[in-house]
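The values are calculated or read from the model by the stated rules, or taken from the named source; none is laboratory data. These numbers come from a predicted model, not from an experiment. Here the Cβ positions follow ideal geometry from the backbone for every residue, glycine too, while neighbour counts run over all protein chains shown. Note: accessible area is taken over every heavy atom of the protein model, side chains too, but ligands, DNA and RNA are not part of it. Shrake-Rupley method; radii C 1.70, N 1.55, O 1.52, S 1.80 Å.
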Amino acid sequence: MKRNKLAVLAGIATIFTFSLTGNQTSQEVMAKPSNKITVAYTLNVNKKNIKNKKVKLSKHATVMAGLKKAWRVKSTNGFITAIDGKSQDTHKQIYWTYTINGKFANKGAAEQKVNNHDKVKFTLAKMN
């Protein structure tokens, strides 16, 4: 009878020890800062949102890095000329522009850094 009680106590102690170790490990994992950020991208053509994607990027990434990760992109001299087959038309003055969190960016997409949970919207529209 004493042997059974000792075996049960030893089993409980083992389970308790492993459960504490498991909790420590998950807490340590949660405490580590992530080197990844998530940025939401939207393509807008003819005043309609046609595509949305959430992109995982490394910290200090640029708008262009996320755009290229999500879609096929063509550019000339730093200017985006086509995204996912949708091209600008210089004769009709239709160009790609973008905003971050609802504000027009003051840098090119290759220079503009993004932050975690930013919302980047690219719009193909006529410039007046």
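Computed values, structure above
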item: Extension gain, Ile50 back to Lys36 (0.36 nm per residue minus Cα-Cα distance, nm); result: 2.4 nm
item: Cα-centred dipole magnitude for the range 36-126, charges only on beta-carbon of K, R (+1) and D, E (-1), debye, nearest 20; result: 300
item: Solvent-accessible area, 1.4 Å probe, carbon plus sulfur percent, for the range 36-126; result: 49
item: Rg [Å, one decimal], Dmax [Å, integer] - the range 61-128, C-alpha atoms; result: 11.6, 37
item: Residues of the range 36-126: accessible area per residue with a 1.4 Å probe, Å²; result: 65
item: For the range 36-126, with +1 on Lys and Arg beta carbons and -1 on Asp and Glu, the positive-most of Thr90, Thr62, Gly78 along the dipole; result: Thr62
